[in-house]
Amino acid sequence: GGVSIPDPVANIVTRRGGDGRPVVLYAGGVHYRNMLNDAIFRAIRGQIENTGDSVTGAHLNEIIASLRVDGFSDVEVRSALTQLVHDGHVYSTADENHFNIANDSTSTGTTRYAYGSSLNDAIIRVLREQGAQSEDGLYFLDIVAELALEGRYHERDFRAALSQLETQGHIYTTVDDDHFQWAEYPPHL
C-alpha cells in the first residue's frame, strides 16, 4: 500500500479580503495570516469608530462576528488574536474579551489609529469631550490651544487633519469654516 500523501486540497481555503473579493489561500500561509490579521485590525478599528470608546476597545464576539462574514472561523480568529497579543500588535483592555490595537511602530501604518493619525484621534477626542457642550462645536484656535499644550503639532498640521476628517465625514463645520463639530454630536451618553 505505498505512502499516503496528505491531501493538499485540505489546506486550501477561500476567504474574503478587504475589498470583499474571495481569495483562495493556503491555510496558515503568510498571505493567509496577513489577511486574517488585517481583517482583525479592521474589525477592531470599525467597532471603536462605532462606539467612540477606544479605552474599552472591541469585544471579542464582535470581532468574531465581523470576521465570520469574510469566512474566518471562531477558532481562527481566537488563535490569530492570541498571536497578535503575544507579538504586541494588539492588547486586551478591560478584560480578556476586549481588545485594542497597540500604538507600536511595528504594526502596519494604517492600523495604528482609529481616525488615521494620532493628531486626528486627538482632534476627535477634544471635539467629543469639549464640543459636546455646544451645537456650534469648537473654534479652530480652541482646538489648537487644547492640543498645542502637547507641543507636537503645528497649525498647518491641524488644517490638514481637520480637512481630512471633514472629507471622511467624521466632523463638519458649523457657524463658519473655523468651527468644527464631531459628526456624531450629540453624543449618546
**Estimated FRET transfer efficiency (residue 163, residue 14; beta-carbon r; R0 30 Å; 0.05)** = 0.15
**Asked** How many percent of all Cα-Cα pairs in the stretch 24-70 sit more than 13 Å apart?
**Response** 56 percent
**Message:** Taking 0.36 nm per residue of sequence separation and subtracting the Cα-Cα distance, how much length would be gained by fully extending the chain between residue 155 and residue 92, in nm to one decimal?
**Reply:** 19.2 nm
**Request:** Could you grab the relative contact order for the stretch 36-84? Cα pairs under 8 Å, six or more apart, rounded to a whole percent.
**Result:** 43 percent
**Prompt:** What ratio of Cα Rg to 2.2 N^0.38 Å holds for the stretch 11-92?
**Reply:** 1.05
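A short reminder: the numbers here are calculations on the coordinates, not readings from a lab. Because the structure is a prediction, the values reported are computed rather than measured. All Cβ positions, even for glycine, are placed from backbone atoms using ideal geometry, and neighbour counts span all protein chains on display.
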